[in-house]
Amino acid sequence: GAVVSQHPSWVICKSGTSVKIECRSLDFQATTMFWYRQFPKQSLMLMATSNEGSKATYEQGVEKDKFLINHASLTLSTLTVTSAHPEDSSFYICSVRGDGNQPQHFGDGTRLSIL
Amino acid sequence: GDSVTQMEGPVTLSEEAFLTINCTYTATGYPSLFWYVQYPGEGLQLLLKATKADDKGSNKGFEATYRKETTSFHLEKGSVQVSDSAVYFCALTLNTGGFKTIFGAGTRLFVKA
């Protein structure tokens, strides 16, 4: 069964709208979750590491005020794309990892289309 | 710096052909190595993993061996099926510094009936 649930799977909205994406860990408590962005036919780009109860760690070049991350519990992290514009259209994927160097478990992704 | 390099795709094969997707890495220390698969419109799924040198990961007929001497983790399958068509990502996880994961660019595989 699924280890990670990501919602919604597809969003289409107007420019200027803020969009929230949820990532839930179903099988275990996750102190750390990851948010990735994937452009068509490209690899995953790590945007930020979401830490339960503290501020997220953003990768270089990722605007923290644009991509708000909240990790309020051990099973839920949210990514909010604020005032989204067409260039924010992309496939966003979250993941959860067990302790140490265990493999990551990925959500099914959210396809965001900004008109 | 740490990196993963995969062979460029797309790779197009006929059903029952032999598959090899090359993957080499550069990393400090001794990372864990993974292959993930992504089907159209979906997230990534773990295909197989190896955590130390000479380990062989295998799953669903796919296998890859952690070769420290050549810093490689090539993915192989003896007989591909149409349902294997997907994008395959090689990845490493560093065993230090927050266990960051680095992905290769991905290799798209098309299998024709």
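The values are calculated or read from the model by the stated rules, or taken from the named source; none is laboratory data. Quick caveat: nothing in here was measured; it's all calculated off a predicted structure. Cβ sites come from the backbone with ideal geometry, for glycine too, and all protein chains shown count toward neighbours. What goes into the accessible areas is simple: the full protein's heavy atoms, side chains included, and nothing from ligands, DNA or RNA. Shrake-Rupley method; radii C 1.70, N 1.55, O 1.52, S 1.80 Å.
Numbers below:
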{"item": "Yes/no for residue A:108 being open to solvent by 20 Å² or more (accessible area, probe 1.4 Å), within 14 Å of chain B (Cβ to nearest Cβ) and not aromatic (Phe, Trp, Tyr)", "result": "yes"}
{"item": "All positions within the stretch B:1-19 that are open to solvent by less than 70 Å² (accessible area, probe 1.4 Å) and farther than 13 Å from residue B:110 by Cα", "result": "B:2, B:3, B:4, B:6, B:7"}
{"item": "Qualifying residue in the stretch A:53-71 (condition: crowded, with 19+ Cβ neighbours inside 10 Å and under 15 Å from residue A:5 (Cα atoms))", "result": "yes"}
{"item": "Odd one out for residue A:76 among (1) modelled with pLDDT of 95 or more; (2) over 22 Å from residue B:40 (Cβ atoms)", "result": "(1)"}
{"item": "Filter result for the condition that a residue is part of a strand (DSSP E or B), open to solvent by 50 Å² or more (accessible area, probe 1.4 Å) and within 14 Å of chain A (Cβ to nearest Cβ), over B:110, B:89, B:34, B:99", "result": "B:110"}
{"item": "Residue B:24 vs. criteria more than 13 Å from chain A (Cβ to nearest Cβ), among the polar types (S, T, N, Q) and open to solvent by 20 Å² or more (accessible area, probe 1.4 Å)", "result": "yes"}
{"item": "Selection within the stretch A:47-95 - free of Cβ contacts under 8 Å to residues at least 40 places away in the same chain, within 13 Å of residue A:23 (Cα to Cα) and part of a loop (DSSP other than H, G, I, E, B)", "result": "A:52"}
{"item": "Residue count, the stretch B:64-84 (criterion: surrounded by fewer than 13 Cβ atoms within 10 Å (Cβ to Cβ) and among the charged types (D, E, K, R))", "result": "2"}
{"item": "Answer residue from the stretch B:37-52, given it is open to solvent by less than 40 Å² (accessible area, probe 1.4 Å) and small (Gly, Ala, Ser) and is modelled with the lowest pLDDT among those", "result": "B:43"}
